[in-house]
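Worksheet: the structure to be examined is printed underneath.
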Amino acid sequence: MPRNLYVNLPVQNLERSVEFFAALGFSFNPMFTDENAACMIVNDVTSVMLLSAPYFATFTNKPLADAHAVTETLLAISQDSRDEVDAFMAKALASGGSEYAEPKDLGFMYQRGVADPDGHQWEVFYMDESQFPQQ
């Protein structure tokens, strides 16, 4: 049985974050969604818990990072083609995201970077392993 992964991210405005990610095609698990949190489904074994910042703070003794000012993490999410990377980015930018890096084309991998409205950085990429340089 595969392990599940739940990434927890603090957000300033839960409703705005849900709207942003819903515009990108993500759905939410209502069983784990309320006024403090929304469980964004990535796939069968991976979810992102969008937690209101005050609620998130109850899980840690450390101060919360301001993702607009510091890099707290880089989240990478794959797409099935270069065109899907570009389509995802277009939706993200139209929904309030901002591109924070120039597109990278490494031949075997195409990558772009978008920051969500809370500043969390998402690396959106397509990788064709058959084109990976042989060693």
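Throughout, read-outs are computed from the coordinates displayed, never taken from laboratory work. The structure presented is a predicted model; accordingly, all values stated were derived computationally and were not measured.
For the chain, the longest principal axis of the Cα atoms and the long axis of helix 82-94 meet at an angle of about 40 degrees. Close amide H partners of residue 79, meaning residues 5 or more places away or on another chain with modelled amide H under 5 Å apart, are 125, 126, 127.
Taken one residue at a time, the phi angles of the range 116-122 give Karplus couplings (6.51, -1.76, 1.60, θ = phi - 60°) of 6, x, 8, x, 5, 8, 10 Hz. Gly and Pro are set to x. Taking a ≥ b ≥ c as the square roots of the eigenvalues of the Cα gyration tensor of the range 4-59, is the shape rounded (a/c under 1.5), prolate (a/b larger than b/c) or oblate? Oblate, because a/c is 1.5 or more while a/b does not exceed b/c.
Once the Cα atoms are used to define both axes, helix 14-23 deviates from the longest principal axis of the chain by about 30 degrees. Note on the range 73-135: Rg/Rh from C-alpha atoms, Kirkwood Rh, equals 1.01. For the range 66-135, averaging the sequence separation of C-alpha pairs within contact (under 8 Å, six or more residues apart) and dividing by the residue count gives a relative contact order of 38 percent.
Rounded to the nearest Hz, the phi-derived 3J(HN,Hα) couplings of the range 71-76 under the Karplus curve 6.51 cos²θ - 1.76 cosθ + 1.60 (θ = phi - 60°) are 8, 8, 6, 10, 9, 10, where x marks glycine and proline. Rg/Rh, computed from the Cα trace of the chain with Rh as the Kirkwood radius, has the value 0.99. Considering only alpha-carbon pairs that sit under 8 angstrom and 6 or more positions apart, the relative contact order computed for the range 1-56 is 46 percent. Taking amide H as placed 1.01 Å from N in the peptide plane, residue 33 has its amide H under 5 Å from the amide H of 39, each at least 5 places away in sequence or on another chain.
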